[in-house]
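Colleague: After the structure tokens below, expect a handful of questions from me.
The values are calculated or read from the model by the stated rules, or taken from the named source; none is laboratory data. Only a predicted model underlies this, so the values are computations on that prediction, with no experimental measurement involved. Positions of Cβ are generated from backbone atoms using ideal geometry, with glycine treated the same way; all protein chains shown enter the neighbour counts. Accessible surface is based on the protein model in full, side chains and every heavy atom, while ligands, DNA and RNA are left aside. Shrake-Rupley method; radii C 1.70, N 1.55, O 1.52, S 1.80 Å.
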Amino acid sequence: MKRGNGRLKPLFDAGIIGGGVIGLASAYFLAKAGIRVAVFESGKTGSGASSAAAGMLGAHTETEKDDAFFRFAKESQALYPGLAHDLLLESGIDIQLQYNGMYKLAISAEEADALKKRAETEKDVEWHSKEKVLRNEEGISDAIYGALKIEKDGQVNPAALCKAFTKAIQLMNGKIFENTPVYKISRIEHSHYEIETPQDRFFCEALILANGTWSSRYIKDFVRNISVYPVKGECLSVTLKEGNLSSTVFHESCYLVPKLDGRIVIGATMKEDTWNTEPSVQGIAALMNKAVKMMPAIEKASFHHAWAGLRPKTADGKPFIFKHQGIPNLFVTTGHFRNGILLAPKTGEMIRDLFFNRNVNEEYVHAFRMDRALEVRL
Ligand code: FAD
């Protein structure tokens, strides 16, 4: 395809805007299916929300309703063992998948009642008495009433996951353009797209908008009413001087995630209406207080590092994953909010299947469709 100065520019089958876990997962599954992909990323791949994540695959911890979102999350979670295996073979990178289980703590009698009820009605979760929790995890506070044990909610290392996707895509001849912010997208010849970056212009047949919190600007050019906005999340990591933690532990909005390298990741705050990505003393202090309440030994731990990222949130908190019904070859996958790491494999598969016009579970097409934006508060 000739443009401007007459040089022949590459024509990709699919141009993906955003090299976070969602853009990378989409590119990965398309590249595996033989599609010539190009990922355009403003910074380094995984440098947005994706590498700020704690890496939990918390299908059960993140939702209490047996709905389309929960089923999608469970299917995505179930794809991880195969994905971890494939990525290790393809890229040589271990995404550090582990099923260490999660404890959702009850620190009041009301919380204990609610969690016991969940244990009676839900699959894959079990109520553990205080004594049983403390036998398994000696360092947990003895002020608890007990905890819900969620055996199947594991975790990965999100930075390793993004690196593994990046390398695997490149080895399948996909192009990853880092430090390449897209500043303009135009439709050309009805069904193709021109992508403009400071370095060059690129042409692609299909366009996939996957740039997380920053996607609103481009989506609005193609779809009315959709908006995605940032919810800042702060985390810190520590190393215990005494004791040990093997399961992920949750209470209200605070979690402790033990990592394979010995660190414990403590997260995460939630703050709307800001684009600031610096961890604040206020946010980190609040997390530390909650963490010490859950596990007193944290008070004597060594501080390692603190960071923050922007979760991409939609009005109803659920992602948009769709093929545009009116504009040819346009796909949107954004708004994965608190669960982008968990949802990445199933999202990547769904984008691949929409791309090939394969059958996609109607329930998911409906749940993540574009026109639901009209039904929710914006
Ligand atoms: P991002 O990772 O933000 O990627 C979007 C990318 O697009 C960025 O890299 C950005 O540089 C790029 N971009 C933007 N504009 C342009 C442009 N114009 N041109 C080119 N590139 C562009 N999820 C879980 O499942 N489990 C967890 O334990 C978990 N913990 C979290 C903890 C914290 C503190 C935070 C902040 C999030 C957490 N999440 C977790 C949520 C998860 O991180 C996000 O849902 C996920 O990373 C979103 O991925 P994304 O690819 O859509 O966005």
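Colleague: Which of the three applies to the range 1-139, rounded, prolate or oblate, going by the alpha-carbon gyration tensor with a ≥ b ≥ c and a/c under 1.5 meaning rounded?
Modeller: Prolate, since a/c reaches 1.5 and a/b exceeds b/c.
Colleague: Additional query: Counting only protein heavy atoms and using a 1.4 Å probe, what share of the accessible area of the chain belongs to carbon plus sulfur, as a whole percent?
Modeller: 50 percent
Colleague: Still on this model: Which aspartates and glutamates, if any, have their Cα less than 14 Å from the Cα of residue 290, not counting same-chain residues under 8 positions apart?
Modeller: Filter leaves 234, 252, 299.
Colleague: Among the GluC sites (Glu not before Pro) in the range 218-275, which ones are in a DSSP loop with at most 12 other Cβ atoms within 10 Å of the Cβ? Mind listing them?
Modeller: On the way: sites: 234, 242, 252, 272; in loops: 242, 252.
In loop regions of the range 218-275 (DSSP not H, G, I, E or B), the sparsely surrounded GluC sites (Glu not before Pro) are 242, 252.
Colleague: Then there is this: How large is ³J(HN,Hα) for each residue in the range 174-190, as worked out from phi by the Karplus curve 6.51 cos²θ - 1.76 cosθ + 1.60 (θ = phi - 60°), to whole Hz, x for Gly and Pro?
Modeller: x, 9, 10, 9, 8, 6, 10, x, 7, 10, 8, 10, 10, 7, 10, 6, 6
Colleague: In addition: Could you work out which residue, out of 163, 104, 132, moves most in a Gaussian network model of the chain, that is, has the largest mean-square fluctuation with Cα springs under 10 Å?
Modeller: Sorting by GNM fluctuation, first place goes to 132.
Colleague: Moving to a separate point now. Using each residue's phi in the range 250-258, evaluate 6.51 cos²θ - 1.76 cosθ + 1.60 at θ = phi - 60° and report the 3J(HN,Hα) Karplus result to the nearest Hz, with x for Gly and Pro.
Modeller: 10, 8, 6, 9, 10, 9, 10, 10, x
Colleague: Now for a different question. Can you work out ³J(HN,Hα) from phi for every residue in the range 65-80, in order, using Karplus 6.51 cos²θ - 1.76 cosθ + 1.60 and θ = phi - 60°, giving whole Hz and x for Gly and Pro?
Modeller: 9, 8, 10, 4, 4, 5, 5, 4, 4, 5, 5, 5, 4, 5, 7, 4
Colleague: Then there is this: Roughly what % antiparallel, to the nearest 5, for the DSSP beta bridges in the chain?
Modeller: 75 percent
Colleague: So with the 1.4 Å probe, I'd like the accessible area per residue for the chain, rounded to whole Å².
Modeller: On the way: 16570 Å² over 378 residues.
Dividing the accessible area of the chain by its residue count gives 44 Å².
Colleague: Specify, per residue and in Å³, the volume enclosed by the convex hull of the alpha carbon atoms belonging to the chain.
Modeller: 136 Å³
Colleague: Say the cut-off is 32 Å between C-alpha atoms; which of 132/313; 163/313; 123/300; 65/167; 152/318; 117/323 go over it?
Modeller: Among 132/313; 163/313; 123/300; 65/167; 152/318; 117/323, the Cα-Cα distance tops 32 Å for 132/313; 123/300; 65/167; 117/323.
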